[in-house]
Structures are given as C-alpha cells and as structure tokens.
Amino acid sequence: MSKVKLNLIAAACENMGIGVNGSLPWRLKKEMAYFTTMTSQVSDPTKVNAVIMGRRTWDCIPDKYRPLSNRVNIVLTHHVDALKEKVPEGVVVVPGLDAAVEYIESRPDIESSWVIGGSSIYEAAIYHPNCGKIYLTEIQKTYDCDTFFPNFDKQQFHLADEEDIPGGRQLEGDISYYFRVYKKL
Ligand SMILES: NC(=O)c1ccc[n+]([C@@H]2O[C@H](COP(=O)([O-])OP(=O)(O)OC[C@H]3O[C@@H](n4cnc5c(N)ncnc54)[C@H](OP(=O)(O)O)[C@@H]3O)[C@@H](O)[C@H]2O)c1
C-alpha cells in the first residue's frame with residue numbers, strides 16, 4: 001500500500017456544520033491561523049505539503065488567497081479539462097482522491113497531505129485506506145449551515161494527545177472551541 005497518509009483538517013460547529021452559502025459560517029482569525037500553520041509547516045525545509053480540496057472549496061477561497069501559499073494545491077473535479085484552463089499554473093487538477101494520492105506519490109518533495117474539504121472529499125478520505133488523522137476544531141456553538149462534516153465512526157478512531165496542538169479551551173471573542181485530533185485505529 002502507498003505510504004501517503006491523508007490527514008483531514010476541518011472546523012465544525014455543534015451540529016457538525018462546516019459551511020453556508022459557499023463560505024464559512026464564522027470568522028475566527030486564530031482558528032484560520034491554526035489551519036495555515038498545520039497545513040504549511042514541514043520538518044524538512046526542502047519539502048512542501050499538499051492541500052487537497054473539492055472544486056467548490058477552491059471556488060470559496062478569495063482570489064487573493066489562492067492558490068494557498070507554500071502548499072501544492074490539488075483540486076478535485078469531474079471536469080478536469082475545463083477546470084485546468086481556469087486555475088493558475090501550478091495548481092493540480094485531478095478526477096478523484098485516488099488520482100490525488102497517485103500524484104502525491106510521484107512527488108517525493110511532498111511531506112504531508114491535508115484534505116481540506118468539503119463534505120464529499122472528507123467522506124472519501126475518511127473511508128480511504130490511506131486515512132491518517134482527523135484534525136477537527138470543535139466549535140462550541142451552533143450556526144445555520146448547509147454543508148456538514150460527515151458522520152464518522154468514533155469506534156474506528158481514538159482521540160490522540162498531540163504535543164504540538166494547543167490543548168484546552170480556546171477562546172476567540174465570545175466563541176470557544178477545542179483543537180481535537182482523532183487518529184485512525
Ligand atoms: N469549516 C471547514 O473546515 C470547511 C472546509 C472546507 C470547506 N468548507 C465549506 O464547505 C463548503 C464547500 O464544500 P462542499 O462540500 O459544498 O463542496 P466541495 O467538496 O469542496 O466540492 C464539491 C465538488 O468537488 C468535486 N468532487 C467531489 N467529489 C469528487 C470526486 N469523487 N471526484 C471528482 N470530483 C469530485 C465536484 O466538482 P465538480 O462539480 O467540478 O465536478 C463537486 O461538485 C463551503 O461552504 C466552504 O466554506 C468548510
């Protein structure tokens with residue numbers, strides 16, 4: 001089996017909502033900074049990480065922030081040729097998660113791979129044999145959402161204690177959340 005591990009990273013509120021009207025239901029600067037750090041940091045400075053996302057999540061990223069900097073951006077779509085014409089050079093467009101894994105295998109300079117949404121890509125990654133950990137920010141509030149993090153079997157994961165993850169309750173304004181890491185058993 002391939003050595004590529006797929007780590008998922010998501011922020012979800014109490015009803016497991018992750019999005020509304022093509023954007024995030026909340027504005028949490030420090031949570032966003034955590035996302036950037038986790039998906040960008042490498043232990044080998046000659047390497048980079050990959051972020052894997054669905055076409056709608058790509059569409060949601062404001063022009064000035066995309067492609068996400070210092071990361072190989074991989075976008076999934078059923079219309080590869082059409083999307084390839086629209087994205088900036090360097091953005092990788094693939095027809096599915098297996099193709100993304102295959103691409104990553106061909107790039108020894110990629111250190112870690114982060115699945116950054118949305119719903120169906122998370123779901124495919126959870127059930128993929130290469131699934132590693134789920135980095136889930138659990139926001140202690142309910143928002144109106146139209147997009148949700150998939151249900152996952154918590155029997156197949158255990159809550160991991162990660163040294164480099166800020167522990168305990170995080171507070172931003174009047175919103176609190178926890179950085180949790182679930183590791184696939
Ligand atoms: N809170 C968070 O952590 C977080 C993270 C990410 C996104 N979001 C939010 O989630 C929403 C967007 O997510 P979403 O679930 O609606 O869409 P999405 O998963 O980002 O994108 C869906 C699109 O991806 C492509 N796709 C999906 N599965 C595929 C497969 N197996 N093979 C090939 N292509 C595939 C298809 O593109 P084509 O239609 O082009 O074929 C599909 O329409 C936004 O509101 C965003 O803000 C939140």
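The values are calculated or read from the model by the stated rules, or taken from the named source; none is laboratory data. Treat the numbers as computed from the prediction; the structure is a model and nothing was measured. Cβ sites come from the backbone with ideal geometry, for glycine too, and all protein chains shown count toward neighbours. For accessibility, only protein heavy atoms count, side chains too; no ligands or nucleic acids. Shrake-Rupley method; radii C 1.70, N 1.55, O 1.52, S 1.80 Å.
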**Fill in**
Given the conditions (1) in contact (Cβ under 8 Å) with a residue 40 or more places away in the chain; (2) open to solvent by less than 20 Å² (accessible area, probe 1.4 Å), every one holds for Thr77 apart from (1)
**Fill in**
Log entry, pairs with first residue in segment 5-23 being at pLDDT 95 or above, second being in a loop (DSSP other than H, G, I, E, B) and of a type in the set (Lys, Arg), beta carbons closer than 9 Å, six or more apart or on different chains, reads Cys13/Lys141; Glu14/Lys141
**Asked** Looking at this structure, is Asp98 of a type in the set (D, E, K, R) and out of contact with any Lys or Arg (no Cβ under 8 Å at 6 or more places or on another chain)?
**Response** yes
**Message:** Any residue in segment 48-72 that is under 20 Å from Gly19 (Cα atoms) and touching a residue at least 12 places away in the same chain (Cβ under 8 Å) sitting within a Cβ distance under 7 Å of a residue that is more than 14 Å from the ligand (Cβ to nearest atom) and open to solvent by less than 50 Å² (accessible area, probe 1.4 Å)? List the pairs, counting only those 6 or more apart or interchain.
**Reply:** Val51/Arg71; Ile52/Ser113
**Item:** Of all residues making up segment 97-139, the number that are hydroxyl-bearing (Ser, Thr, Tyr) and touching a helix residue (DSSP H, G or I) at 6+ places or on another chain (Cβ under 7 Å)
**Value:** 3
